Amino acid sequence: MILLPAIDLLGGKVVRLYQGRYDQSTAYAEDPVAVARAFQEAGARFLHVVDLDAARGQGDNRGIIHTIRRSFDGQIQVGGGIRSVEDAQKLADLGVDRLVLGTILVTDPETAATIVSKSGSAVLAGIDAKDGLVRIKGWEEGEGVSDLELARRVRELGVSGIVYTNISRDGTLSGADWERTLQVQEASGLSVIMSGGVAGLEDIRRAAQTGKIAGVILGRALYEGNLDLAFACRLYLQTEEASR
């Protein structure tokens, strides 16, 4: 299981939204690159970057993402506003390791399939849901599609895995929804990364104990000081080395 500190970008700043609401955002840092470097120094090998401006179609933070990519030695996955083959290619050209597709999985599955065919294992499906129903376009719209149904669909597209977010818990520190994450994993048969509501080390431990959750995205718990990333990374690395 991997740990992925999250850097959500809005207006060039590092923010966290509360339950996906843009009108309830908290800014934590003015310098996203410094945040990425701090995560690396703490032992992070992966980053999860979300372009919130691009997600709702109001500008983007691609230049910042490029700088983050050049400053971080590990792997970076990026989601938010990837709606065309051209945009996916631009991000790949910036050196992004994995693309997380969201809205177009519902609105334009043909384009999503084309991106997957060109990028192969470098594409993940981002399934963001509230009350079991998928939300799109920066979580501001719904299409009446079940998260489990979409999980089954994306397997046919050939994505390498899923990032599953329970929007109701995102940014709340109320505890991760590992139960629904497991249902998504079972429905798809793919590896699934859990996101939303992680409150601390206990959520990571519970996810690891399932043996079926591929990774955990860490957000507000890091920024609020509820979780020591360096300690969590050391614990993970010790577990990883012991399993070899």
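In this simple spin-label approximation, Q75 and T210 carry label points 7 Å from Cα along the Cα→Cβ vector, and these lie 1.9 nm apart.
Dipole magnitude for the range 2-242: about 220 debye, using +1 per Lys or Arg Cβ and -1 per Asp or Glu Cβ, origin at the Cα centre. If you take the Cα centroid of the range 7-68 and the Cα centroid of the range 154-233, the two points sit 18 Å apart. Using the Cβ-Cβ distance between L133 and D228 with R0 set to 30 Å, the FRET efficiency from 1/(1 + (r/R0)^6) comes to roughly 0.30. Pairs of lysine residues in the chain that meet both criteria, 8 or more places apart or on different chains and Cα atoms under 28 Å apart, total 8. In terms of its C-alpha gyration tensor, the range 155-244 has an oblate overall shape, because the principal axis ratio a/c (a ≥ b ≥ c, square roots of the eigenvalues) is not below 1.5 and a/b does not outweigh b/c. Have a look at the DSSP beta bridges in the chain and tell me what percent are antiparallel, nearest 5. In the chain, approximately 30 percent of DSSP beta bridges are antiparallel ones. Please label the shape of the range 1-82 as rounded, prolate or oblate, based on the square roots a ≥ b ≥ c of the eigenvalues of the alpha-carbon gyration tensor (a/c under 1.5 means rounded; beyond that, a/b larger than b/c means prolate, else oblate). Because a/c hits 1.5 or more and a/b exceeds b/c, the range 1-82 counts as prolate. The mean sequence distance of close C-alpha pairs (under 8 Å, at least 6 residues apart), as a share of the length of the chain, puts its relative contact order at 19 percent. Model label sites at D31 and A113, defined 7 Å from Cα along the beta-carbon direction, differ in position by 4.7 nm. Close amide H pairs (under 5 Å, H built 1.01 Å from N) link L218 with L4, A6, residues at least 5 positions away or on another chain.
Every number here is computed from the coordinates shown, using simple stated rules; none is lab data. Because the structure is a prediction, the values reported are computed rather than measured. Neighbour counts are summed over all protein chains in view; Cβ atoms, including those assigned to glycine, are modelled from backbone coordinates with ideal geometry.
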